[in-house]
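Chemist: This is the structure, below, for whatever I ask next.
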Amino acid sequence: MSDSTVPPFRPALLVVDVQEDFCPPDGALAVPDGRAVIPVINALLALPFAFKVATKDHHPPGHVSFASSHGGDAQPYVSHTTIANPANPAETYTSRLWPDHCVAGTPGNALARELDTRSIQRVVLKGQDPRVEMYSAFRSPLRDPPLPSAVSELADLLKEQEITDVFVTGLAGDYCVFHSAVDSAEGGWRTYVVEEAVRSVGGEEAWKGVNKDFESKGIRVVQVDGE
Ligand code: VGL
Ligand code: ZN
């Protein structure tokens, strides 16, 4: 068989927001059982992926997603806010509010201490624009027009590396992992989410909820320990 008949397979491992603030017991926005993803991701990091990239939620103080930025009545986890596109106030979306988390320069912003970062080739930052939420590691949902300060270099990196398949892991399954996987699939990459390498803010129930959406978007949920 000649080489030209072999379809290209250049898989990337995407490690989303495995940061101290998303990990129990002390993280500011600790995801239930979040630290349990680390040994699974470390095992995946030992495999020969063509490209290994981590992301970090990287907020300035006073970020729009912090309940503390919205006055006394706003409650983390409970309250929501409407966020408008600074370049087009007619484009808005509603976003849940959180405790202050992953503030640049604080210990909670660091990648989780047990994560084996030796083979991670790039760390992509997200959520730096104080005015908008950015769950997806690719970009904010405001697209009309897109906000250059809320579009990361991730898509360019994956193209540069000629990646064909993206394996998504990390925190949180119902937020940043979910939106990153959706954007990866929309960007044309075959996209997988590694179930044991993900935990969700809303626990098992929220994870089951997003699984239905993965299916409808052609994203495959896969297991390290397949039956
Ligand atoms: C995330 C809530 C707020 C995440 C980030 O990484 O899933 N969730 N910021
Ligand atoms: Zn955040």
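Chemist: What are the residues in segment 137-170 that are closer than 29 Å to Lys208 by Cβ, in contact with a Leu (Cβ under 9 Å, 6 or more places away or on another chain) and within 16 Å of ligand 1 (Cβ to nearest atom), if any?
Modeler: The answer is Ala137, Phe138, Arg139, Ser140, Ser152, Leu154, Val168, Thr169, Gly170.
Chemist: Could you tell me whether Val166 is more than 23 Å from Asp26 (Cα to Cα) and outside any loop (DSSP other than H, G, I, E, B)?
Modeler: yes
Chemist: Follow-up. Given the criterion among the charged types (D, E, K, R) and assigned to a loop (DSSP other than H, G, I, E, B), identify the matching residue among Asp129, Asp156, Asp183. Break it down stepwise before answering.
Modeler: Values: Asp156 fails: assigned to a loop (DSSP other than H, G, I, E, B); Asp183 fails: assigned to a loop (DSSP other than H, G, I, E, B).
The match here is Asp129.
Chemist: What is the one condition in (1) under 16 Å from Gln19 (Cα atoms); (2) part of a strand (DSSP E or B); (3) touching a Pro at 6+ places or on another chain (Cβ under 7 Å); (4) of a type outside the set (Lys, Arg) that Val124 does not satisfy?
Modeler: (3)
Chemist: While we're here: Please specify each residue of segment 132-149 satisfying the condition of being modelled with pLDDT of 95 or more and outside any loop (DSSP other than H, G, I, E, B).
Modeler: Arg139 - this is the single residue of segment 132-149 that is modelled with pLDDT of 95 or more and outside any loop (DSSP other than H, G, I, E, B).
Chemist: Identify the single condition in (1) within 16 Å of ligand 1 (Cβ to nearest atom); (2) touching a helix residue (DSSP H, G or I) at 6+ places or on another chain (Cβ under 8 Å); (3) within 21 Å of Pro61 (Cβ to Cβ) that Glu133 does not satisfy, given that it satisfies every other one.
Modeler: (2)
Each row is one residue, and each column tells you yes or no for (1) closer than 19 Å to Arg190 by Cβ; (2) away from ligand 1 (no atom under 16 Å from the Cβ); (3) out of contact with any Asp or Glu (no Cβ under 7 Å at 6 or more places or on another chain).
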| site | (1), (2), (3) |
| --- | --- |
| Phe9 | yes, yes, no |
| Asp21 | no, no, yes |
| Gly27 | no, no, no |
| Asp33 | no, no, yes |
| Ile38 | no, no, no |
| His59 | no, no, yes |
| Ala67 | no, no, yes |
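Chemist: So the check is Cβ under 9 Å with 6+ separation or different chains; which pairs have a first residue in segment 64-90 that's free of Cβ contacts under 8 Å to residues at least 12 places away in the same chain and of a type in the set (D, E, K, R) and a second one that's away from ligand 2 (no atom under 13 Å from the Cβ) and in a loop (DSSP other than H, G, I, E, B)?
Modeler: The qualifying pairs are Asp73/Ser79.
Chemist: Out of the strands (runs of 3 or more DSSP E) lying entirely within segment 17-118, which hold 2 or more residues that are within 16 Å of ligand 2 (Cβ to nearest atom) and among the β-branched types (Val, Ile, Thr)?
Modeler: Fully inside segment 17-118 and qualifying: 80-85.
The values are calculated or read from the model by the stated rules, or taken from the named source; none is laboratory data. Keep in mind the model is a prediction, meaning the values are calculated, not measured. Here the Cβ is made from the backbone with ideal geometry for all residues, glycine too, and neighbour counts use every protein chain on show.
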